[in-house]
Each structure stands twice: as C-alpha cells, then as structure tokens.
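Since every read-out is calculated from the coordinates, none of them should be taken as a lab result. Computed from a predicted model, the values in this text were never measured in an experiment. So basically every Cβ, Gly included, is an ideal-geometry build from the backbone, and we count neighbours across all protein chains shown.
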Amino acid sequence: MSITVSNISKSYKNVKALQNISFEVKPGELFGLIGPDGAGKTTLFRVLTTLLVANEGSATVAGFDVVEEYKNIRNSVGYMPGKFSLYQDLTVEENLNFFATIFGTTIEENYDLIKDIYVQIEPFKDRRAGKLSGGMKQKLALCCALIHKPKVLFLDEPTTGVDPVSRKEFWEMLKRLQQKDITILVSTPYMDEAALCDRIALIQDGKILEIDTPKAIVKHYPKQIYNVRATNMYQLIYSLKKYEHNHSVYPFGEVVHYTDSRTDFNPKDLKLYLESNDLNNVEIEKTVATIEDTFMELAK
Amino acid sequence: MLPIIFVLPILQLVILSNAATFEVKNIKFGYIDNDHTSTSRALVEKFNASTYFDVLTDFPSEAFASSEMLKGKVDVVLEIPHYFERDLQKEKYNNLGVTINAIDGAAAGVENVYVNQIVQNFNQHLKVDLLQVSDKQIQPIYIETIPLFWYNETLNYKTFMVPGILVLLVTMITLFLSGMNIVREKEIGTLEQINVTPIKKSQFIIGKLFPFWVVGMALLTIGLILAKLIFDVPMLGSLVLLYAYTSIYILVILGMGLFISNFTDTQQQAMFIAWFFVVIFILMSGLFTPIESMPKWAQIVTEFNPIKYFVEVIRMVMLKGSGFMDILPLGLKTLAYAIVMNGLAVWSYKKTN
C-alpha cells in the first residue's frame, strides 16, 4: 500500500478537524479526497506530509510511519500546498534549482519526469515566480514537487482558482504522471474533477462519508433523479420544496435535481402541481445521478 | 531593501552622533540685581562672558522673573540681594539666590554645576580683592585640583557617543532583519514547503542567518570608516580584535532574532517583541546613562544585556586601546550568551507543529 491511514483523529482546541479517518491508497493510484471547504482535507494532508502530528491513530506513507520515520517520508514525497508557497522573488528556474538542490538532486537528473510540464513554463524561466499567472504558478509548483522523483505526490486543492482550460490540462498531466508509477493523493472541492480519479473518498466535517470508484459511488445513489425545468427558477425551487412528497431539491446548473419520496412516483402529477402553481414551460425528465448528487445525499 | 539597510543606519549615525550630547549650551539666563554695585555687575559680567549662558535680561522683580520662567523664556535666574557688596565687605560672607528650571533634571544638574563654577571663580577673585594686608598671615592654604581626562582628553562627546551609536545600529538592523525573516516565510507559506523537504534544521537556520551576519559586519565596517572620516574618533586598539568580538556578538543578536521568529506568527508580532527588547537593551546599556548609577537590581538585569557588553568593548578597544586579555572576560560572557541563545533558537524551531 502506498498510503494507509487508520483511525486518524485530530482536533484543534474545540474543533474536531478529523474524526477516525481510515483508508488505503494503492500504489500508482490517483486517489481523490472530495469535500467542501473546512471538511478537513488540508489537515489530513498536513498529517500525511509530517507537518502535523495526529492526536490518535497511525498512518504510513510509502511504507514509512508518519511519526517514527518522518525523515524518510520527506525524502520520498512531493507536496504541493493549496496556497502557492514557492519563493516569489526567485525566478522560475531558480526556484526549481533551489528545490532540486535541497533534495540533493539536479534538474537534469529527473528532467524526463517534469519535461512535459516544464516545457510549458520554460519560455518564462527568467521571470520571477510572483509575476506568473495562476495556471503557470501551479505548473511550476508541480514541477518543484516532482523534481526529486517522489513516490507519492500530495496535491492540496491544486486547481482552486485556476481557469477551466488550465484545470483540464492539469488533470491530463496528473493522468500522465500516474503512468510513471507515482501515487497521487489529490483533494478538490470540485465534484466534476472527482470523476477523473481512480477512487474517491467523500469527506465532510472530518468524517469520511464513502470511499469507492466514482462510478460505483454514483450507482449507490438510491433514487431516480429528475431534471425539472421551468421559466421561473426561484418560484420552481420554492414550489418543489413545498411539495409534500419531495425527498430532495437541489439546483443544478439551469435545472433542478428532484427526487421523490414515493416509490410509485409519476412525473405527470408533479407537472400538474407545478402548473397549478403558475409555472410555465415545465419539463420533467429522468437523469442519472452525479457525484455531486451522491455527496448531497450522503451529507444530508 | 539593501539600500535601506545601509543608508538609513548611516544617516542615523551621522544625525544621532551630532545630536546626542549631554553638553548643555545656550542656557537662557536672567538675573535680578537688587544691589546695583560694581561687584554685582562684575558677577553678571562673569556669566555674560561664559559661552554656556545667554544672558537675557535684568528682571525688575522676583515675581516677574518667576512668571518668565513659567512661560519658559528663562532657565536660570540669579538673584543678587540688597547690599550685596556692602555685606560682603563687612561680613565677608553673603548668599545668592539661584532658581533653575528643573523639568529636565539632568540639564538642571549640569546648569547648577556651571553656575557654581562661575560663582566660585568669582569668589576667589573677590577674596583677593577684599583681603586686607593684615589678613595675609591667616589666609588658608588653597587646594586646587587639576583633572586630567584620560582616554578622551577634551571630553569630546562625539568620541564617546559614536562607538556606542554604532553598536546600536549594528544591533537593531541585525535583530530586526533576523526576527522578521523566518516569520515572513511563515506568512507567505514558503516555510510549509521547506518543512516537507529533507533539509536539516541547522542547514536551514545557517542559511537564513548567515546573510545577516555578513550585513552586520558590513555595517560595522562602514560605521568605523565614517567614525574616522567624519568624527575623527580615535582607533587605539586592534581592529582585528574588534571584528573578532563583533563576529561573536552578532551571533547573539541573530539567535535572539530567530528565537523571536519562532514564537511569533506574523511580522507585526515579531516587530513588536523585537522593539520591546531593543528599547530595554538600549536604555540599560550604559550608552546614554552610566550603569553604575542604576539601582542594584537594574545593574543585575544589565548582565543579560548583550548591548552593554558590546558598548563596553567597542569603547575599550577604540578609545582606550584595550588588548585581548582586557576584553577576554566580556568576550567569554558574550560567547556563552551566543551559545545559549542559538541553542534555544534551534531547539524551539520545529519543522512540525
């Protein structure tokens, strides 16, 4: 196992950041931690990267215990914190050189690993890191985290605040890295990115709600979801929430995801009800559950 | 940043060394002459001749003089009583009234000494004038003291202050820079990235502090050159000795800065704590006020003040030409301090929290 976490708990004063967390990540796996802000993702990362000691439980990374053998872990993991934390007043190349030197290696030695990513920022190699755009900063941070050929890569919300195109590119890079035998643990608040992981853990309030492959998690969704649409969105949600048989009502883009509490639900009843509430152009159609729906259901 | 580090201290050195002096000059002097005789006028003339006093006016009454002092227009008022000359000749004894504005106690003390000196001087001349031939036999033997001011013959305040202020600058800059530095990394978040790397505590700390050590030594060099060029402060002792001592001293300050850094989360907090210590250290260093005149407990506290040692050493080496053996006790104390401070700093710096 690349990462094993068993019964980890951590609390700050009166906030329980992590409660009895356990999971395992297989070698070469792209594992996603999916949860909203404040769910405890960063705390878990800090425990696994040996920056924080948990109150209870134990964990190993790349076969090393996070408390006993923290020095070995620091040599064999790459960590990219959520906040950009390279030296802003050093240039791209200087930053990369600096981190290579700290890890006792050189850029040339592991160049093949970062080549795909580095070529994209190479035109700006003499620019100070602080002056790079958000997407460029992420690429540089990833290069710096990879420069010593880590066995496990920790990425804490790498795509937060990055534009959609860069986000997509970033995930493609992760997929390629995975093929080079690097285990990747990535956290993200974006549910759409979850589908790109091999396995995901849904986490909220310091507890893991469910761990499985994205497809399996979606299959676990117990109900049939309906897309409901009408001209007046606000009125639509309001009416649906008032509807006595509703199980869940969530806005989802330009439609509303609706589930009914009855087993013999007939959409026509709902349509009649909505139209009697002065809603026009009501459309109701079946749809498949997404990870977001599953998360909302589990987090209920 | 680099120009700021070097230009500001140099300005401070030049400005402070010229301004920080205990000489009291241009004292606003007024008098009330109730006697109006040649003797009283001669006394006033003595004050007039002194470069320290600006003789303002002859006040008509004591009430007027005190109201002027209340307004701050006069610092010292001399009152010459009625029949000053007559009584002096008849009784060979008389009193003068001196009123001094003592809001600034130190200045008032100095002013009092000046007034006394002038009056005494006047007294001596007067004695000679008043003596009658028959008194000659009973004239007491007069004892005179002629002081020699060693190590600073002309009592030049700049010679005394410049080395001290130089100490102050080297200390402040290195303490603030080192105190601010690691906290800054905490604030920006780079420390988190560094902490997950296999870099050793000692490597990181040396890497962080060495540049400031160099800055401190460079500041000392520039300061010494200026002290020679602008203020003509003598350099009697060995420069090598001074540099050797400074190199240990800066380690104390850097350790202190790092220690502060480790216990604070923002640059603001670090700045506050650094200032707290710097102010105490400066005021209790013997730079402005002699340590000997402090209360006993304060003297004990100054034992923990690194600035005190450096001020002492730099004055000893530059003005007195002290050698290695003379400053050895101070040097050893500083070295012990450096070891303790840096030990604490390395111990309290944790890569995990």
- Message: Run the Debye formula on the Cα coordinates of chain B, all scatterers equal and no solvent, and tell me log10 I(q)/I(0) at q = 0.10 1/Å.
- Response: -0.77
- Evaluate peptide B:186-192: per residue, the Cβ atoms of other protein chains within 10 Å of its Cβ; return the mean as an integer. 5
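Using the 10 angstrom Cβ neighbour count as an exposure proxy, how do B:Trp150, B:Trp275 rank, fewest first?
The order, fewest Cβ neighbours first, is B:Trp150, B:Trp275.
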- Query: What percent does the relative contact order of chain B come to when contacts are Cα pairs within less than 8 Å and at least six residues apart?
  - Reply: 18 percent
- Message: Rounded to whole Å, give me the distance from the Cα center of the range A:59-127 to that of the range B:1-55.
- Response: 65 Å
- Item | Rounded tilt (10° steps) of B:267-283 against the dominant C-alpha axis of chain B | 40 degrees
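Which value results for Rg/Rh of the range B:24-138 when Rg is the Cα radius of gyration and Rh the Kirkwood radius based on the inverse mean 1/r?
Result for the range B:24-138 is an Rg/Rh of 1.01.
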- Query: Given a Förster distance of 60 angstrom, what is the FRET efficiency for B:Gln124 paired with B:Val340, based on the Cβ-Cβ distance and rounded to 0.05?
  - Reply: 0.55
- Task: Give me the number: length gained by fully extending A:Arg262 to A:Lys26, i.e. 0.36 nm times residue separation minus the C-alpha to C-alpha distance, one decimal in nm.
- Result: 80.9 nm
- Note on the structure: Helix-only [θ] at 222 nm, the protein assembly as shown, -39500 (n - 2.57) per DSSP H run of 4+, per residue, nearest 500, equals -16000 deg cm²/dmol
- Message: Taking just the alpha carbons, could you work out the radius of gyration and Dmax for the protein assembly as shown, both in angstroms?
- Response: 40.2, 142
- Compute the projected area of the convex hull of the Cα atoms of the range A:3-213, averaged over all viewing directions, and report it in nm² to one decimal place. 11.0 nm²
- Item | Over 29 Å between alpha carbons, listed pairs A:Lys139/A:Lys223; A:Lys207/B:Lys201; A:Lys149/A:Lys215; A:Lys131/A:Lys168; A:Lys180/A:Lys215; A:Lys13/A:Lys242 | A:Lys139/A:Lys223; A:Lys207/B:Lys201; A:Lys149/A:Lys215; A:Lys13/A:Lys242
- Query: Taking only C-alpha pairs under 8 Å that are 6+ residues apart, what is the relative contact order of chain A in percent?
  - Reply: 20 percent
- Can you grab the distance from the C-alpha centre of the range B:187-214 to the C-alpha centre of the range A:157-217, Å, no decimals? 32 Å
- Query: How large is the dipole of the protein assembly as shown about the Cα centre if only Lys and Arg carry +1 and Asp and Glu carry -1, each at its Cβ, rounded to the nearest 20 debye?
  - Reply: 1260 debye
- Query: Relative to the longest principal Cα axis of chain B, at what angle does helix B:105-130 sit, 0 to 90 degrees, rounded to 10?
  - Reply: 30 degrees
- Query: What is the dipole size for the range A:3-213, taken about its Cα centre, with +1 at each Lys and Arg Cβ and -1 at each Asp and Glu Cβ, in debye to the nearest 20?
  - Reply: 380 debye
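Using just the alpha carbons, could you tell me how many Å³ per residue the convex hull of the range B:156-348 encloses? Please list the in-between numbers first.
Working: hull volume 22.9 nm³, N = 193.
With only Cα atoms used, the range B:156-348 gives 119 Å³ per residue.
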- Item | Between the range B:244-259 and the range A:255-300, the Cα center-to-center distance that results, in Å | 71 Å
- Message: Please state the shape class of the range A:225-299: rounded when a/c is under 1.5, otherwise prolate if a/b exceeds b/c and oblate if not, all from the C-alpha gyration tensor.
- Response: prolate
- Classify the range A:215-258: rounded, prolate or oblate, from the alpha-carbon gyration tensor (a ≥ b ≥ c, eigenvalue square roots; a/c under 1.5 rounded; otherwise prolate if a/b is larger than b/c)? oblate
- Taking chain B as the reference, fit the longest principal axis to its C-alpha atoms, fit the long axis of helix B:157-188 to the helix C-alpha atoms, and give the angle between the two in degrees, 0 to 90, nearest 10. 30 degrees
- Using the beta-carbon distance between A:Asp198 and B:Trp275 and R0 = 60 Å, what value does 1/(1 + (r/R0)^6) give for FRET efficiency, to the nearest 0.05? 0.65
